[in-house]
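The values are calculated or read from the model by the stated rules, or taken from the named source; none is laboratory data. Quick caveat: nothing in here was measured; it's all calculated off a predicted structure. Counting neighbours? That spans all protein chains shown, and the Cβs are built from the backbone with ideal geometry, glycine included. With ligands, DNA and RNA removed, areas are computed over all heavy atoms of the protein, side chains included. Shrake-Rupley method; radii C 1.70, N 1.55, O 1.52, S 1.80 Å.
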Amino acid sequence: MNAFTLLQEKGSHQVDISAALRALRSVSTLSAPVYLQGIAATAVAIYETAVGYNTRNQDATLLAERVVELTWAVCSSLKDGDQKTGQCGHFDHEIQHFLRTLEDLARHLRKRSNKSRISVLLSGSRDRVYVRSLEEDLGRCLQTLSLSTSMSNLRLSSGVTKNMELYHEEFERAMADAYEAQNQMYAEISPTDELCANISLGDLPPAPQVFFGRTSIVDDLINQICVSEQTNVAILGAGGIGKTSVALSLLHSPIVVALFDQRRCFISCEASGNRDALLVTISQAIGLESSSSIEAIIRRLTHPNRPTLLVLDNLETPWEPLETRQEIENLLSTLKRPLGIKWTRPFLSPLPNLDMKSSQEIFVAISDVPEDDEYLPRLLQLLDCVPLAITLIANLAQHTSCDELFHRWKEERTGMLSLSLRSERIIREPKALKVLQILSLLPDGVGLDDLPAMMRDPEGLHPALSTLRQTSLIYEDRPSCRLKALSPIREYLQLQLPIDAEDLSAVQIYHFELAKTADVLKDKDKISTVHSQVGNISTVLIHSLKGDNPSIEAIETVLKIVNFSYMSSLSKELMTLAISAARRIGASKLEGDCIVANYVIDPEDIFLSKERLLRAITIFRELDSDQEIDLSIALALTYLGDCHRRLSYTNDAVACLSEAIEIYVKWGQHQRQVNAMRTIARAYEEKAQVQHAMSVITQALKLGQKHELPVATAHCYIRLGQIYTARCLYPSIEDCFKKAAELLEPIFGQTSVAYGMYLIYVGELYYTQGRLDQAEKASSRAYQIYLKLGRTDFMSDADWNLGRIFLQRGLLDKAMNRLQICLRRYRDLHWLHPQADCLLSISEIEFRRHNPDATLAHLMEARRCLKADKRTGFVTDAHAVLQIGNVYLSSGKLRAAENAFVLASVIYRRCSHRVGVAEAIQKLGDVAFESDEMSCAKSCYYATLELIKHLGLRRNLSDCFMRLGDVLAREGPSREARTYYEKALSGYKMAECFFEVEECKERISALNADLLLT
């Protein structure tokens, strides 16, 4: 095989000989590596000798041309390899062999050139044989060099693989460090931060006024908890043995107060039946939203300078049932220690009964009976010296002698609770027992003003309450100012003296009526009232639904509190019970309503939700049509339309929602009509059908305003602002968001999910306009709100905003840290579109770092996410295409860049994205500028300026000014060019565009130098 054949088999393209010769001459004279100089010089000599032959010889010329081609290819490869990898040292032997072959060929041609024509003619055959042997030798050299190159590439590939593994490990470590840094940031929130650090962990109940016989136990507890490391202590004992009193005495101990200060927290768990309910209880007790995550709770309980003392009272209530025990233990493990609960040693023994002396001191302090009463020791023995029993009987002893109490207990053989409930004072106030029976159903307690509304006959309530307080059967919870009964008393009453049907009906009616206000969502005070009694409402409903004959009204009430599902962890349990109850009593319509309402509570599995909604619609359509059936079908169609929207089936979504709206219009259901119209507008907006979206949302907004529906109207303003964003109508966007905030704030306050979303949208707007200080302030505030609420999903949106802000300021490492963590959260949530947004921002960081391959890889991954989410051909996709064009432009691939910019402009135009169209036109101007088509470039820049000049976009306007300055500077140094540069610099500084400011300064400096020369 000769060199020519080998070259052809390699698929080498035809090289311009003159260009290759010029390059080789340059290499032979200027290139630093000596071996390249020798090869290049020899190849040039061969060609010059062959062309200068004193006889015309086609074979010699062809050979010389091939040598030039081959040598230039080898020199190019070796030079690139030497610069990029330093691998050329591995080819010394092969290169020397190649050089010797070239030198032999050069000598042969020089020798032949000195011969006479006749000699050449006579020796032609011998020359051809010799030249053929040189060709074969050259071919072998090339094969050997190719093999050596392959082996070197293999070694290099192996090294790259190892390096990639190392880099991957380093990247994983860096990500782990970033997560840890962020967790540290959560933990180290400044104590002066008004939202997170300087917070109250709730008011403490007072210390027990009468407390004897437990001092040594409290001292042991103090010794265990007042240490530097984390401690976990369990106070064990039977019901009524005094565990709560010991814990409260500990909390108010001077030593504990000095160490923990305001970081002492007491939480009653008696109303929490499972893990979710316990999470809600803890969240509310420490000032968080009910839906807060375990991470948010841990962050709230963590303080950089002080430890926190957390007391969970009556924890046995959620822990004792076997079906909830494991999840409660898992929760405690998460709260206390990541790898399980490590209880502090030595373990505390269960609290024993009091000794006789302490029991007597408690009894005398409460009852004021003489210490030497002969029946007192005997009575205390009957009570087994149990603190709760002593307290209850001591209260009775204020009006009944110990002698009588002793004999009554002996005769009736009843327990101490029964004795308390049958005491003379309770008998004298018959309303007292009824009040106690009501309180036994209300774990959240009841306000004094609300209690009369729960009774059939409230007359005589105040004397009854006084009696119950005197006998210690009820107490007032200080933080909430609510009347409550102790857990053992509530349980005893529910088992032994349950409330009668008529009194239960009055309690149910009150809570059912209270639940009706959950539909309104107009008044912050009403929301607060319902919120504070969600536990009571849920308990009353569970009591009703678990009965043999669950009432229809109870099931309907479950449906009414669906709007408060985010406030109570019992919503899923209630909905399950409601569906089962409706099925048991044969209420098909209510069963379907509960299935539909379950979409609000549990919408995550979209395909399961769709299946459930279709089943509910089937149930409704099998019933006789009337107004209620029609509205139930409409609501199911509304949620089904939302399912189609989430699956990107826009036509199906609009069809379902339009059918629902027809029904709402028929029956005058304006709020539901507005919500359905808003969902249609969102479906159109997501598919870039902006005109349709604008038309629908405008109608919905007018309808909400007409019928005074503040929450629905606020959400319409937010959706309108999003549509304005898509159309780049920036002056109108901020106005929409502010109107939404004015409607939502009086209802939900400034620390709610809704207000946080307003801040995120405003932050995005400010970022686009180049108002970075305001953007950072809004986004940081939103981040802190969601940090407090434990909403990592919304925290990611705020993180994305902050990452882009840091990027624009040139803080690349800080931006990358935020965006990588944000991307990981989005992947955990399986949110494809936000992943694409994040990848676009990360690709811009790589572009700024001059990593074109990494930039393209992130952009392609972003487009794959968009394709999987059925969003190819929309605005985010156009952003990706535009950035791909930027990579091509920076690499000098002008035709590829031009194609990308044209495609991006087409997508932007179809989506009515004005700023996107302007950016694409500007980029086409950049292509024209690089092609020296100054007139075309200038036209593109002026066209861009015309499109955006009234939008207030500082960075975009500055881009145009700098490009126009470039055009004028290319035509020759001029003061006009400097004017454009100075305008650009001013705008970039206002927008805090770090990289652009530096570029602009360099241009001004160079232009000033040129102007001085001229």
Reported to the nearest 10 Å², D368 has, with a 1.4 Å probe, an accessible area equal to 130 Å²
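Relative contact order, percent, of the range 866-995 when contacts are C-alpha pairs under 8 Å separated by at least 6 residues? Display every interim value, and only then the final one.
Details: 161 pairs, mean separation 20.7, N = 130.
Over the range 866-995, the number comes to 16 percent.
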Euclidean distance between Cα centres, the range 429-506 to the range 708-764, Å | 44 Å
Accessible area of the range 922-1001 belonging to carbon and sulfur atoms, whole % at 1.4 Å probe = 50 percent
Residues E295 and T872, FRET efficiency given R0 of 51 Å [Cβ-Cβ distance, rounded to 0.05] = 0.90
What nm value, rounded to one decimal, do you get for the distance between S974 and I552 when each label is placed 7 Å out toward the C-beta?
-> 8.5 nm
Taking the Cα atoms of the range 356-413, report the difference between the largest and smallest coordinate on each principal axis, in whole Å and largest first.
-> 26, 21, 19
Return one whole number: the accessible area per residue of the range 214-335 in Å², for a 1.4 Å probe.
-> 43 Å²
Can you give the accessible area per residue of the range 425-498, in Å², using a 1.4 Å probe?
-> 46 Å²
Could you rank the peptides 578-586, 494-502 by their average count of other C-beta atoms within 10 Å per residue, with the highest value first?
-> 578-586, 494-502
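Note the full-extension length gain between D368 and H707 as 0.36 nm times their separation in residues minus their Cα-Cα distance, in nm to one decimal.
115.5 nm
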What does the accessible area of W319 come to, in Å² to the nearest 10, when a probe of 1.4 Å is used?
-> 90 Å²
Set Lys and Arg Cβ to +1 and Asp and Glu Cβ to -1, take the dipole of the range 795-915 about its Cα centre, and tell me which of M795, S905, H833 lies farthest positive.
-> S905
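Efficiency by 1/(1 + (r/R0)^6): what FRET value for S333 and R22, r their Cβ-Cβ distance, R0 = 56 Å, to the nearest 0.05?
The value I calculate is 0.15.
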Virtual spin-label span in nm between I601 and R306, 7 Å along Cα→Cβ | 3.9 nm
Counting only the backbone N, which residues of the range 260-284 are under 17 Å from the spot 7 Å out from the Cα of Q326 toward its beta-carbon?
-> 274-276
Along the range 666-672, Karplus-curve 3J(HN,Hα) (6.51, -1.76, 1.60; θ = phi - 60°) to the nearest Hz, with x for Gly and Pro, reads 4, 10, x, 8, 5, 5, 5
Place a label point 7 angstrom from the Cα of K949 along the Cα-to-Cβ direction, then list the residues of the range 896-917 whose backbone nitrogen is under 19 Å away.
-> 914-917
Farthest towards the positive end of the dipole of the range 943-985, among Y981, F961, L951 and with Cβ unit charges of +1 on Lys and Arg and -1 on Asp and Glu, lies the Cα of L951
Could you calculate the FRET efficiency of L1011 with H670 from 1/(1 + (r/R0)^6), where r is the beta carbon distance between them and R0 is 45 Å, rounded to 0.05?
-> 0.10
In nm, the gap between the two label points placed 7 Å beyond Cα toward Cβ at L497 and A453 is 2.7 nm
Full extension between Q470 and A854 adds, at 0.36 nm per residue less the Cα distance, a length in nm of 130.7 nm
Would you mind calculating the relative contact order of the range 425-498 from Cα pairs under 8 angstrom and at least 6 residues apart, reporting the percent as a whole number?
-> 42 percent
Point-charge dipole on Cβ atoms (K/R +1, D/E -1) for the range 683-801, about Cα centre, debye to 20 | 220 debye
Extension gain (nm, one decimal) between R895 and D203, 0.36 nm per residue minus Cα-Cα | 242.1 nm
